[in-house]
Amino acid sequence: MQRARLQRLIDAYGADPARWPAAERDAAKRLLAETPAMSARLEDAARLDRALDDFNPAVPKAAQARLRQGWANLPPQETAAVAIAGAGLPRLARMLPRAVMLAAASVAGIVIGHSGIDGPVTAIARIDVVTLISGPESILLMEE
Amino acid sequence: MQEADDHSLMAEVADGNERAFRTLAGRHLDWALRLAGRLTGNAADAEDVVQEAMLRVWINAPRWRPDAGFRTWFYRVVVNLALDWRRRKPFRPLSDAGDPVDPAPDPQAALSRGQTDKLVTAAIAELPERQRVAVVLTYHEGLSNAEVAALLDVSVGAVEGLLVRARRALRERLAPALKE
């Protein structure tokens, strides 16, 4: 391994050899042991590693609970559409009762006046239909 | 072993088994929320992203094929949704999250940690999109460069380039904190 390659590994993956590509790790560690001049670069990288390692935001328990609660009433898979108000899938989506989702999916693209059969939602002013058919990249938004 | 379990669960989810879905979704909930939080920079947005990602699991299960493994596929779903979310909404810092994070046992440590989190969150949020994803997946998710390359549809060399540029930018932005 050339010294330039070792520098590149440190600059890209940091100071911890565990993060270096496995195929190059042993050679890089040997070269590192033979190159004391690299220690300053390594320490510099280690400082940034520590800052990144500390970035470990807690996951709010309340969010977990809300999401789990939302799974209690799932829309039928074959519907392949979820009604939401506004752009994207805001929290309203997980609060929508099954009946609203079914109704919204069946009349996608029109305004629904809902009587609140299963829950507190009384009206949806606008419907976006997110078609979730072919894969993770396929988000199709059809507004009104 | 878990991957095989995931595959079995997905087969059941494909048949409309809600219990299997809840097991599968619960298994991946924590890391998905954490990943989405790092990519969106906000816990409330992360919750919405994960909600949508889980719905995709449920709805797409009948058409899902275990070519790359469930976790790899789900990584891609969460990453793409988080990026899409960021494009549609301005960055909101962690402090704007709807729920307080769980309290740490040591308030002083929590304060220090919170400050570091804010600095790093802001620095990562300012990175260009692909650099941000490369950093989070490499350093925080522990994915190999080949896995990151596959997720981003780029070469391993390109991932290295993203990481080099990202680390250079982070070092500059975090310079005051790194000197401490």
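The values are calculated or read from the model by the stated rules, or taken from the named source; none is laboratory data. Model, not experiment: these values are computed from the prediction. FYI the Cβ positions are ideal-geometry reconstructions off the backbone, even for glycines, and counts take in every protein chain you see.
Key figures
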read-out	value
Selection within the range B:15-48 - small (Gly, Ala, Ser) and buried (at least 16 other Cβ atoms within 10 Å of the Cβ)	B:Ala20, B:Ala25, B:Ala32, B:Ala36, B:Gly37, B:Gly41, B:Ala43, B:Ala44, B:Ala46
Failed condition for B:Ala134, given (1) surrounded by fewer than 19 Cβ atoms within 10 Å (Cβ to Cβ); (2) free of Cβ contacts under 8 Å to residues at least 40 places away in the same chain; (3) closer than 16 Å to A:Asp49 by Cβ	(1)
Residue tally, condition part of a loop (DSSP other than H, G, I, E, B), within 14 Å of A:Glu43 (Cβ to Cβ) and aliphatic (A, V, I, L, M), over the range A:1-15	1
Filtered residues of the range B:48-71 (kept if among the β-branched types (Val, Ile, Thr) and either more than 7 Å from chain A (Cβ to nearest Cβ) or over 19 Å from the mean Cα position of the chain (by Cα) (or both))	B:Val49, B:Val57, B:Ile59
Residue in the range B:125-135 that is more than 18 Å from the chain's Cα centre (by Cα), modelled with pLDDT of 90 or more and within 11 Å of chain A (Cβ to nearest Cβ) present	no
Residue, farthest from the other protein chains (Cβ to nearest Cβ), within the range A:13-40, restricted to residues that are crowded, with 16+ Cβ neighbours inside 10 Å and closer than 16 Å to B:Arg171 by Cα	A:Ala15
Residue list for the range B:125-154, filter: assigned to a loop (DSSP other than H, G, I, E, B) and either among the β-branched types (Val, Ile, Thr) or touching a helix residue (DSSP H, G or I) at 6+ places or on another chain (Cβ under 6 Å) (or both)	B:Leu127, B:Leu143, B:Val154
